[in-house]
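Take a look at the structure set out below.
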Amino acid sequence: MQNQTEETIYQLDDPNIGKRSKPIEYKVNETGCHVVCSHETDKTGYGRVNRLGRDWRIHQYVYFLHTGYDTSKFVVRHKCDEKNCCNFSHLELGSVDDNLNDMRVRDRFAKGEDHGKSKLIDKEVRAIKYAVNTSTSELAEMFEVDPKTIWQIRNNITWTHI
């Protein structure tokens, strides 16, 4: 499946590569991940390739090469959490729910101020949690959020990492 060059860059054995297609090349890291180094990543961090008349995420294409499964209806999950890994032994087929559960178990969810839709920062949430003499509605007005947001923070439903 691979051919080593002098620079320790390996090339994926790809029977579907066309004359004008760029071969998939990767480097092996310390955890055994085959990290793609030949293709740009998309905005979500996955390498992409065009093969068999369609656009693929590289790890999905590699899974297809090994199994023949049409991965467009499933999620190809990384056991290693390396988005650009194309090592077949690090990949497994699953559902969206399986993938979300992986994210929860492995603590890969954006949370707190790192979440793109957060209106509060960690410092403000600490202030909300310790403001025992201020009403929920007053805090909501002060921080320009819905009172439900304040209630969820105070009852440790959201922002549980603080």
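The set of residues in segment 93-108 that are at negative phi and either exposed (fewer than 11 other Cβ atoms within 10 Å of the Cβ) or out of contact with any Lys or Arg (no Cβ under 7 Å at 6 or more places or on another chain) (or both) comprises 93, 95, 96, 97, 100, 101, 103, 104, 105, 106, 108.
Of the residues 111, 117, 83, the single one that is over 30 Å from residue 15 (Cα atoms), out of contact with any helix residue (DSSP H, G or I) (no Cβ under 6 Å at 6 or more places or on another chain), among the basic types (Lys, Arg) and surrounded by 13 or more Cβ atoms within 10 Å (Cβ to Cβ) is 111.
If only residues of segment 48-78 that are part of a loop (DSSP other than H, G, I, E, B) and either of a type in the set (Val, Ile, Thr) or touching a residue at least 12 places away in the same chain (Cβ under 8 Å) (or both) are counted, the one that is nearest to residue 16 (Cα to Cα) is 52. Residues of segment 6-28 that are within 24 Å of residue 93 (Cβ to Cβ), modelled with pLDDT of 95 or more and of a type outside the set (Ser, Thr, Tyr): 24, 28.
When segment 32-47 is filtered for residues that are surrounded by 16 or more Cβ atoms within 10 Å (Cβ to Cβ) and either within 16 Å of the chain's Cα centre (by Cα) or assigned to a strand (DSSP E or B) (or both), the ones remaining, listed by number, are 33, 34, 35, 36, 46, 47.
In segment 13-26, how many residues are surrounded by fewer than 16 Cβ atoms within 10 Å (Cβ to Cβ) and either under 20 Å from residue 77 (Cα atoms) or touching a Leu at 6+ places or on another chain (Cβ under 9 Å) (or both)? Selection size over segment 13-26: 4. Residue-level analysis places residue 137 outside the set of residues that are hydroxyl-bearing (Ser, Thr, Tyr), closer than 25 Å to residue 54 by Cα and assigned to a helix (DSSP H, G or I).
The values are calculated or read from the model by the stated rules, or taken from the named source; none is laboratory data. The structure presented is a predicted model; accordingly, all values stated were derived computationally and were not measured. Neighbour counts run over all protein chains shown; Cβ positions are idealised from the backbone, glycine included.
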